[in-house]
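Engineer: The structure under discussion is supplied below as structure tokens; questions concerning it will follow.
Throughout, read-outs are computed from the coordinates displayed, never taken from laboratory work. Note that this is a predicted model, so its numbers are computed, not measured. When we count neighbours, we look across all protein chains shown, and the Cβ atoms used for this are built from the backbone with ideal geometry, even at glycine.
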Amino acid sequence: MHRVDMSVAIGDLVLANPVLTASGTFGSGKEYADLIDLTRLGAIVTKGVSTSPWSGNPSPRMAETASGMLNSIGLQNPGVERFIADDLAWHRRSFPQVPLVVNVNGHTIDEYISVVRRLDEEEGISAYEVNISCPNVDAGGMAFGTTCEAASEVTRAVRAATARTIIVKLSPNVTDVAAIARSVEAEGADAVSLINTLLGMAIDTRTFRPKLARVVGGLSGPAIKPIALRMVWQVSSAVGIPVIGMGGIASATDAAEFMLAGATAVAVGTANFVDPRTAVHIVDGLEDFCASRGIGRVSDLTGGLITPDAAANRDREEGSR
Amino acid sequence: MCEEHRLDGQARPMLREAVVTSNEAVSADVWLVTLESPEVASTVAPGQFVHLKIATGRDFILRRPFSVYSADAERIEILYQLVGRGTHELSLAEPGDRMDLIGPLGTGWEIPEAPVRALLVAGGLGVAPLRMLAEALTRAGSTVALAYGAPTAERLTGVEIFSAAGCQVMSCTDDGSAGTHGLVTLASGDLLGTGEVDIVYTCGPEVMQRAVAAQARDAGVRCQVSLERLMACGIGACLSCIVPTTAGQRRACVDGPVFNAEDVIWGDS
């Protein structure tokens, strides 16, 4: 089998392969370092970081559901200074060769800006993922991701604050995700990532109580994959910037589906919990997928979907020659 | 500080494929599975756990955490109660089946080097992480008393193992079918009242652990608890399994499951 060029570009950022970790499922990588070879990853996307420490939501924060799970962690994190002193320092010391994308959060636009400005003083960060889609916080979070105006405003402010690559993480809990994607593209986002979790809930019928203390939470895992795939297809058809696809990806064929739908790269989330090796297996599996089909570059998969319309057009073009 | 609590020399977690060597019911709804996984078995410390991927589940995907009940150079034993999907599916595993396992995980019990008079307080299947502790304490020359509460005599799982190991055992059952008729805190209260206890270790329903922790505090005796939480990753990344402590939010999977009782801020459960 011939070699496959696995590299992909997200704005100015070139990744060795298109497989990332989804924010909130992977810490900053340290927790997985005993179990997998982190250097095999395209990039590590960190747990969300905010200006000051956030304590997150009460327990229980997690409930398993059919082919997935609900979480209501609430972006618990020790704040940007501790992130820099602990996780970023660890990353620079241990795995400087693996691109690090820092997921950024705020209750207000000023808070997003203050995290980005502080991180801009530090080396070893490849990009920011601006989280405007967390369903588990009251102020900010998803509120910024559910209207075009608010999404534009955050993106514009972050764009003005940094020259680094900006990825805006979109919420699926909207009517028209493509419209929001176009808004953030217009404000200078280098890429979009989607989907964040879908708002859901579960009830314990023995106790009549919600399974999550916060009642509602974000659904992730294989259960949401068809929805995520549809949204990635809609968004990539609507914008010119790269799309990072995620939502229930657990195998190389899942990843290939997202790329065919238009994703330039993919992220593995809940599957990290099921098997920490999943992302690495997907890197290998995608390479095999391409090699066995004579595809020389993994990036050639992006947008390769043949819809009935496209097939008809192609037949017409071939017929007219 | 909880953060300093991770014991030196504890093995780093490994991802291994374990082989089921036996899997049998020990009472109506309590089972014992034996898994061969030499590297994990030979390094697991008392109070640590493993995270099992129970292979028969397709629509329920998460791993299940289990305390290690006993370990030798080759194998670990896990005592489990049939409570839901995961444990039901685990009971279907047969000798020869392979099962993906991550371990050893978590921070286990603190075991004093010098001999002490230890009181172990178990509620039901909370006995599971106490067996390796009793063995380690005994090896260190400590004396071990076990106060063990269960619904019925049949559910005093493994009680004979503690007796045979030289532990002083006081049983309590909800129905009076063995030992004292009543809650285990009757026995633990009596023992603490003698003034002959240096440290208390407890595992069981949280309401029971909280009561035991209060008894220990009132008696001026150190107490460690082993807390159970729903968890997704088991390795400290997802922050599902938090325990509020005086030092902030801690993770049951990495900073625990064993905590110093005085650090725990008890909830409503």
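Engineer: Debye sum, Cα scatterers, chain B, no solvent: what log₁₀ I/I(0) at q = 0.07, 0.10, 0.11, 0.12 1/Å?
Structural biologist: Scattering profile of chain B, log10 relative to I(0): -0.22, -0.47, -0.57, -0.69.
Engineer: Dipole of segment B:43-173, Cα-centred, from +1 at each Lys and Arg C-beta and -1 at each Asp and Glu C-beta, to the nearest 20 debye?
Structural biologist: Computed charge dipole of segment B:43-173: roughly 260 debye.
Engineer: Hey, what does the equivalent ellipsoid look like for segment A:8-319, semi-axes from the Cα gyration tensor as sqrt of 5 times each eigenvalue, largest first, whole Å?
Structural biologist: 28, 23, 21
Engineer: From the C-alpha coordinates alone, can you work out the Kirkwood hydrodynamic radius of segment A:1-63, in Å?
Structural biologist: For segment A:1-63, inverting the mean 1/r across all distinct Cα pairs yields 14.3 Å.
Engineer: Shifting gears a bit: Which net charge results when you count Lys and Arg as +1 and Asp and Glu as -1 among the other residues whose beta-carbon is under 14 Å from that of residue A:189?
Structural biologist: So the surrounding residues net to -1.
Engineer: Additional query: Please rank A:184, A:4, fewest neighbouring Cβ atoms within 10 Å first, as an exposure proxy.
Structural biologist: Result, fewest neighbours first: A:4, A:184.
Engineer: While we're here: Taking Cα pairs under 8 Å and at least six residues apart, what relative contact order does chain B come out at, in percent?
Structural biologist: Computed value for chain B: 18 percent relative contact order.
Engineer: Related question: Can you list residues whose amide H is under 5 Å from residue B:242's amide H, if they're 5+ apart or on another chain and H is modeled 1.01 Å from N?
Structural biologist: So residue B:242 has HN proximity to B:252.
Engineer: Among the trypsin sites (Lys or Arg not before Pro) within segment A:163-244, which fall in a DSSP loop and have no more than 11 other Cβ atoms within 10 Å of their own Cβ?
Structural biologist: Sites meeting the loop and neighbour criteria: A:206.
Engineer: When B:180, A:205, A:165 are ordered from fewest to most other Cβ atoms inside 10 Å of their Cβ, what list results?
Structural biologist: Going from least to most buried by this count: A:205, B:180, A:165.
Engineer: Do me a favour and compute the ellipsoid semi-axes for the protein assembly as shown from its Cα gyration tensor, root of five times each eigenvalue, largest one first, whole Å.
Structural biologist: Value: 48, 26, 21 Å, ordered largest first.
Engineer: Per residue of A:265-274, what is the mean number of Cβ atoms on other protein chains within 10 angstrom of that residue's Cβ?
Structural biologist: 3
Engineer: Now, a different point. Name the most mobile residue of A:23, A:171, A:126, meaning the one with the largest mean-square fluctuation, in a Gaussian network model of chain A with Cα contacts below 10 Å.
Structural biologist: Highest fluctuation of the listed residues: A:126.
Engineer: Specify which residue in the list A:228, A:97, A:14 is farthest towards the positive end of the charge dipole of chain A, using unit charges on the beta carbon of Lys, Arg (+1) and Asp, Glu (-1), about the Cα centre.
Structural biologist: Among A:228, A:97, A:14, the one farthest towards the positive end of the dipole of chain A is A:228.
Engineer: Still on this structure, please answer the following. State which stretch of chain A is the longest one without any exposed GluC sites (Glu not before Pro), exposure meaning a DSSP loop state and at most 14 other Cβ atoms within 10 Å.
Structural biologist: A:124-321
Engineer: Report, as a whole number in µm² per second, the diffusion coefficient that Stokes-Einstein gives for segment B:116-167 at 4 °C and 1.567 mPa s using the Kirkwood radius over alpha carbon pairs.
Structural biologist: Value of D from the Cα-based Kirkwood radius: 118 µm²/s.
Engineer: Explain nothing, just the number: dipole magnitude of segment B:117-263 about its Cα centre with +1 on each Lys and Arg Cβ and -1 on each Asp and Glu Cβ, in debye rounded to the nearest 20.
Structural biologist: 360 debye
Engineer: Here's something else I'd like to know. At a 10 Å Cβ-Cβ cut-off, how would you order A:305, B:120, fewest neighbours first?
Structural biologist: Neighbour counts put them in this order, fewest first: A:305, B:120.
Engineer: Now, a different point. Return the sequence-ordered ³J(HN,Hα) values of segment B:145-153 in whole Hz as given by the Karplus equation 6.51 cos²θ - 1.76 cosθ + 1.60 applied to θ = phi - 60°, using x for Gly and Pro.
Structural biologist: Whole-Hz 3J(HN,Hα) from phi for segment B:145-153: 10, 10, 9, 10, x, 8, x, 9, 4.
Engineer: A further question on this structure: What percent does the relative contact order of chain A come to when contacts are Cα pairs within less than 8 Å and at least six residues apart?
Structural biologist: Relative contact order of chain A: 20 percent.
Engineer: For segment A:171-287, just say rounded, prolate or oblate: build the C-alpha gyration tensor, square-root its eigenvalues into a ≥ b ≥ c, call rounded for a/c under 1.5, and beyond that prolate if a/b exceeds b/c, oblate if not.
Structural biologist: oblate
Engineer: Net charge near residue B:36, counting Lys/Arg +1 and Asp/Glu -1 over other residues with Cβ under 12 Å of its Cβ?
Structural biologist: Its environment carries a net charge of -3.
Engineer: On to the next question. Looking only at the protein assembly as shown, where both bridge partners belong to it, what percent of the DSSP beta bridges are antiparallel (to the nearest 5)?
Structural biologist: Percentage antiparallel, nearest 5: 50.
Engineer: Output wanted: per-residue J couplings in Hz (rounded whole) for segment A:262-276, from phi through Karplus 6.51 cos²θ - 1.76 cosθ + 1.60, θ = phi - 60°, x for Gly and Pro.
Structural biologist: After applying 6.51 cos²θ - 1.76 cosθ + 1.60, I find x, 6, 7, 9, 9, 10, 9, x, 3, 4, 4, 6, 6, 8, x Hz.
Engineer: Nearest 10 degrees is fine. How inclined is helix A:109-120 to the longest principal axis of chain A, computing both from alpha carbons?
Structural biologist: 70 degrees
Engineer: Using the reciprocal of the averaged 1/r over all distinct C-alpha pairs, how large is the Kirkwood radius of segment B:14-105 in Å?
Structural biologist: Kirkwood hydrodynamic radius for segment B:14-105: 12.8 Å.
Engineer: Rounded to the nearest 5, what is the percent of antiparallel bridges among the DSSP beta bridges in chain B?
Structural biologist: Looking only at bridges with both residues in chain B, the antiparallel portion is about 60 percent.
Engineer: Cross-link list A:169/B:53; A:47/A:225; A:30/B:53; A:211/B:53: which exceed 24 angstrom alpha carbon to alpha carbon?
Structural biologist: A:169/B:53
Engineer: Relative to the longest principal axis of the C-alpha atoms of chain A, give the angle of the C-alpha long axis of helix A:308-320, reported between 0 and 90° and rounded to the nearest 10°.
Structural biologist: The helix A:308-320 is inclined about 30 degrees to chain A.
Engineer: Right, here's the next one. List the pair-distance distribution P(r) of segment B:108-241, using every Cα-Cα distance, as the percent of pairs falling in each 10 Å bin from 0 up to the bin containing the longest distance, rounded to whole percents.
Structural biologist: Per 10 Å bin, starting at 0, the Cα pair percentages come out as 13, 44, 32, 10, 1.
Engineer: For segment B:68-184, just the Cα set please: Rg and Dmax, both in angstrom.
Structural biologist: My reading of the Cα-based Rg and Dmax gives 15.7, 43 Å.
Engineer: How far is helix A:148-161 tilted, in degrees, relative to the longest principal axis of the Cα atoms in chain A, given as a value from 0 to 90 rounded to the nearest 10?
Structural biologist: So the inclination is approximately 80 degrees.
Engineer: Quote the relative contact order of segment B:117-263 in percent (integer), defining contacts as alpha-carbon pairs under 8 Å separated by 6+ residues.
Structural biologist: 20 percent
Engineer: Per-residue mean of other chain beta-carbon atoms within 10 angstrom of the beta-carbon, peptide B:226-234?
Structural biologist: Average neighbour count from other chains, rounded to a whole number: 5.
Engineer: Follow-up question, since we're still on this one. Which of A:21, A:162, A:175 moves most in a GNM of chain A, Cα contacts under 10 Å?
Structural biologist: A:175
Engineer: Additional query: Taking beta carbons within 10 Å but only from partner chains, what does the mean come to for residues B:237-250?
Structural biologist: The per-residue average across the peptide is 6.
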